[in-house]
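The values are calculated or read from the model by the stated rules, or taken from the named source; none is laboratory data. On a predicted model such as this, the values are computed, not experimentally measured, just so you know. Cβ placement follows ideal geometry from the backbone for every residue including glycine, while neighbour counts extend to all protein chains displayed.
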Amino acid sequence: MWNYTEKMMEYFKNPKNVGEIENPDAVGEVGSIVCGDALKLTLRIDEKTHKIIDAKFKTFGCASAIASSSVLTEMIKGKTLEEASKITNQDIADYLGGLPEQKMHCSVMGMEALEAAIENYYTKKGVKRIIGEQERVVCKCFNVTEKTILKAIELNNLKTVDEVTHFTKAGGGCGGCKGEIEKIIKDFWAGKEKIDFNSMTVVEKIKIVERILNEDINPKLKADGGFLELVDIEGNKIKVKFLGACSTCPSAGLTFKDVVQKDLKNKINGEIEVVLV
Amino acid sequence: MQRIVYFDNNATTKVDEEVKKEMEIFFTELYANPSSMHYFGGQVQKYLDLSRQKISELLGCLPEEIIFTSCGTESDSSAIYSALKTNPDKRHIITTAVEHPAVLNLCKHLETQGFRVTYLKVDENGMIDLKDLENALTRDTAVVSIMWANNETGVIYPVEKAAEICKKRGVLFHTDAVQAVGKIPINLSKTDIDMLSISGHKIHAPKGIGVLYVRKGVKFSPFLIGGHQERGRRAGTENVPYIAGLGKAAELALKNMEKENTYVKNLRDMLEKKISENIPNIKINGLNSPRLPNTSSVSFGYVEGESILLLLSEKGICASTGSACSSGSLEPSHVLMAMNIPFTYAHGTVRFSLSVYNTEEEVDYVVRELADVIKKLREISPFADGKPLFGLDVCETHKHHH
């Protein structure tokens, strides 16, 4: 038996806002009967204020899926679309007093239905919004995209394939995509590991900076005929120099800020200082 | 205390009062070790023999063919490992895709140890084809393990015929009879079954006691090694109170066999009839196969099993589900998947398993509450009753691989 909170059981037994709004201003549909859970969210939205006046849901799924859907409708009512879009799956789970980890995908489903509904609203209004780049389906059994996986990893600090499965269901079917999920996790965190740069030896510092220059930064500059060279390292201060086309390029300053500084800080840590010499 | 209507007897059963009474004396009075030389110990030994006698009557075998174990799982593991150890040159195992995890996961583990396993498929009625067994048997096959009856659907497998086929080919045959014993008549002396597993707590004995039957003349290699108990076939001081309890339970099971197949079967049939009459869009699984008299696996379309169980539980009704969400896995049970139950139904599967303690009044109560629960969940479901399945085509193209 699952260790469900009393609050969750209450929302499951007496769900609020069950149903469908007639002629809704926005509809969000996620999941499928094959996958074992599905949610249809319908919204009434005030055209002027963009506030969600009413929200109703219909859910096929386990107790936590029904409870998550119900609290979602409660949480978003009265909020503007902008405010509502900030709600995360963790917020939904927290509202219920927590969910068992294997059930976290139920809260993710709520968040996705809301995203889909907001998307649907703007599409209907003819507003073009930037659609995420990573719509690639990773888990074909449960139709989970890379975007969903990356978002779950970031929001919930996920480190293992099992955790990703608990939160998104990805990898829970045939398991064929587990290797890919592992790579997504690795790649995600590879960019996030904080390095204690200051206490490294000079040789270690040179090696890591050279590696980032060679693997990440210079390949980008190379396209424009430029090149970046490490000049010196003093404590937390990394001194670099533009060569080739970059040395005379008028937008080199912008490149330095947007690419060089950002990449180095992301890969090492935010405390380092990068200067052009 | 809230009223409990217990329709989950394939999970475990209530210990019979008579069984409980039978056990009591062995805790504080006849507590000696049956292996001891003194008279006190010898007195206890007699009760082990008595229990063995009663169990052999239930199974139609010789008392010395009974080995006491700690549970059905231990019996299954002992049987399969023994078959492999006594046939060291053979590396192939045949079982079914619908076995209990006690056999299925053991076989999966053995695959990682260099053994080859054939999993016999089942059709939409949950039935195996014995031709598949004949085709799968090779000179390399060490053991065939086929359950006597399925725990989820109650489907009864033709294990006697399967054992006959195996005997002709010189291959050991084991059956996990945990669900079948006490529910259908068994006479092992008339079969070619080499090994058979029983679990006490499925027949109104306590949890923590099991039996492995090993036919006389079949080579056996013990799983637990140590003392000389059970004639060297299972080391460890005998669990005397539980063994005595199991003996009593076996005696009662034999006595109740007819009631199981008349009274309990009637209740089960009544339950299915009333569910069919009162709730639309349902499917009874394994209906076209021979089934245990007490088991009913019903799939409710467009709703999810865990939700059904939790709402039933609110009404004091205990049942089980093969749905994905209840177990923390993401797919419906391997049994339902093997039977190719459509997804619209598989996720909403509930198993009701009855016993001689259930009543007609309980059946009525369950059907009444169940109808309410299904109605309520279908009102919440976006798919219910003929509405377009908006996501179905999205996922349908992706076949779930196994």
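Kindly check whether there is at least one residue in the range A:93-114 that is over 23 Å from the mean Cα position of the chain (by Cα) and under 22 Å from A:Phe12 (Cα atoms). Scanning the range A:93-114 turns up no residue that is over 23 Å from the mean Cα position of the chain (by Cα) and under 22 Å from A:Phe12 (Cα atoms). Hey, any hits in the range B:210-229 for a residue that's part of a helix (DSSP H, G or I) and of a type outside the set (Asp, Glu)? No: the range B:210-229 contains no residue that is part of a helix (DSSP H, G or I) and of a type outside the set (Asp, Glu).
The residue that is surrounded by the most Cβ atoms within 10 Å (Cβ to Cβ), counting only those in the range B:255-294 that are among the polar types (S, T, N, Q) and more than 26 Å from B:Ala346 (Cβ to Cβ), is B:Asn256.
Conditions (1) of a type in the set (Val, Ile, Thr); (2) assigned by TED's automatic domain parsing to the domain that holds A:Lys151; (3) buried (at least 17 other Cβ atoms within 10 Å of the Cβ), marked per residue:
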| position | (1), (2), (3) |
| --- | --- |
| A:Thr201 | yes, no, no |
| A:Lys220 | no, no, no |
| A:Phe227 | no, no, yes |
| A:Asn236 | no, no, no |
| A:Gly244 | no, no, no |
| A:Pro250 | no, no, no |
| A:Gly270 | no, no, no |
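Of everything in the range B:351-382 that is within 14 Å of chain A (Cβ to nearest Cβ) and not charged (D, E, K, R), the residue that is nearest to B:Glu277 (Cα to Cα) is B:Ile374.
Scanning the range A:56-90 for residues that are free of Cβ contacts under 8 Å to residues at least 12 places away in the same chain and closer than 21 Å to A:Thr168 by Cβ returns a single hit, A:Lys86.
Are any of the residues in the range B:55-77 among the polar types (S, T, N, Q), closer than 21 Å to B:Val178 by Cβ and touching a Ser or Thr at 6+ places or on another chain (Cβ under 6 Å)? Yes: the range B:55-77 contains one or more residues that are among the polar types (S, T, N, Q), closer than 21 Å to B:Val178 by Cβ and touching a Ser or Thr at 6+ places or on another chain (Cβ under 6 Å). Set side by side, the residues B:Val240, B:Val298, B:Val264, B:Val303 differ, and just one is touching a residue at least 40 places away in the same chain (Cβ under 8 Å) and under 22 Å from A:Cys141 (Cα atoms), which is B:Val303. Here is a check on your reading of the model: is B:Arg351 under 19 Å from the mean Cα position of the chain (by Cα), among the basic types (Lys, Arg) and either surrounded by 15 or more Cβ atoms within 10 Å (Cβ to Cβ) or modelled with pLDDT under 95 (or both)? Here the answer is yes, as B:Arg351 does meet what is asked. When restricted to residues that are in contact with a strand residue (DSSP E or B) (Cβ under 8 Å, 6 or more places away or on another chain), part of a helix (DSSP H, G or I) and within 25 Å of B:Ser333 (Cβ to Cβ), the range A:139-185 contains 2. So which of B:Gly170, B:Gly227, B:Gly200, B:Gly210 is modelled with pLDDT under 95 and either within 14 Å of B:Ile80 (Cα to Cα) or of a type outside the set (A, V, I, L, M, F, W, C) (or both)? Answer to the check: B:Gly227. Within the span defined as the range A:252-268, every residue fails to be of a type outside the set (Val, Ile, Thr), assigned to a loop (DSSP other than H, G, I, E, B) and surrounded by 11 or more Cβ atoms within 10 Å (Cβ to Cβ). Checking each residue in the range A:146-161 for being crowded, with 21+ Cβ neighbours inside 10 Å and touching a residue at least 40 places away in the same chain (Cβ under 8 Å) picks out A:Thr148, A:Ala152, A:Asn156.
Residue selection: B:Ile275 satisfies the criterion of being part of a helix (DSSP H, G or I) and among the β-branched types (Val, Ile, Thr).
Filter the range B:277-315 down to the residues that are within 14 Å of chain A (Cβ to nearest Cβ) and either among the polar types (S, T, N, Q) or farther than 17 Å from B:Val5 by Cβ (or both) and list them by number. Those that are within 14 Å of chain A (Cβ to nearest Cβ) and either among the polar types (S, T, N, Q) or farther than 17 Å from B:Val5 by Cβ (or both): B:Asn281, B:Ser299, B:Phe300, B:Gly301, B:Tyr302, B:Val303, B:Glu304, B:Gly305, B:Glu306, B:Ser307, B:Ser313. Of everything listed in (1) in contact (Cβ under 8 Å) with a residue 60 or more places away in the chain; (2) within 14 Å of chain A (Cβ to nearest Cβ); (3) farther than 28 Å from B:Tyr157 by Cβ, the single unmet condition for B:Cys318 is (3). Across the range A:29-66, the number of residues qualifying as farther than 17 Å from B:Glu331 by Cα and more than 7 Å from every other protein chain (Cβ to nearest Cβ) comes to 19. Output the residues belonging to the range B:337-350 that are within 13 Å of chain A (Cβ to nearest Cβ) and small (Gly, Ala, Ser). Result: B:Ala346, B:Gly348. Check every one of the strands (runs of 3 or more DSSP E) wholly within the range B:48-144 and list those with 1 or more residues that are within 23 Å of B:Ala338 (Cα to Cα), of a type in the set (Ser, Thr, Tyr) and touching a Cys at 6+ places or on another chain (Cβ under 7 Å). Here the list reads B:92-96.
Any chance you could count how many residues in the range A:1-28 are modelled with pLDDT of 90 or more and either in contact with a strand residue (DSSP E or B) (Cβ under 6 Å, 6 or more places away or on another chain) or facing chain B (nearest Cβ under 9 Å) (or both)? So the count comes out to 15.
The residue pairs whose first member lies in the range B:87-111 and is in contact (Cβ under 8 Å) with a residue 40 or more places away in the chain and of a type in the set (Lys, Arg), whose second member is assigned to a helix (DSSP H, G or I) and surrounded by 17 or more Cβ atoms within 10 Å (Cβ to Cβ), and whose beta carbons are closer than 9 Å, counting only pairs six or more residues apart or on different chains, are B:Lys90/B:Ala83; B:Lys90/B:Leu84; B:Arg91/B:Leu84.
From the list B:Lys183, B:Lys167, the lone residue that is of a type in the set (D, E, K, R) and surrounded by 24 or more Cβ atoms within 10 Å (Cβ to Cβ) is B:Lys183. Could you tell me whether any residue of the range A:123-138 is in contact (Cβ under 8 Å) with a residue 40 or more places away in the chain and under 30 Å from B:Phe300 (Cα atoms)? Looking through the range A:123-138, none of the residues is in contact (Cβ under 8 Å) with a residue 40 or more places away in the chain and under 30 Å from B:Phe300 (Cα atoms). Restricting the range B:383-393 to residues that are within 12 Å of another protein chain (Cβ to nearest Cβ) and out of contact with any Gly (no Cβ under 9 Å at 6 or more places or on another chain), the residue that is modelled with the lowest pLDDT is B:Asp393. For the range B:146-186, taking the residues that are outside any loop (DSSP other than H, G, I, E, B) and touching a residue at least 60 places away in the same chain (Cβ under 8 Å), the one that is farthest from B:Pro290 (Cα to Cα) is identified as B:Leu172.
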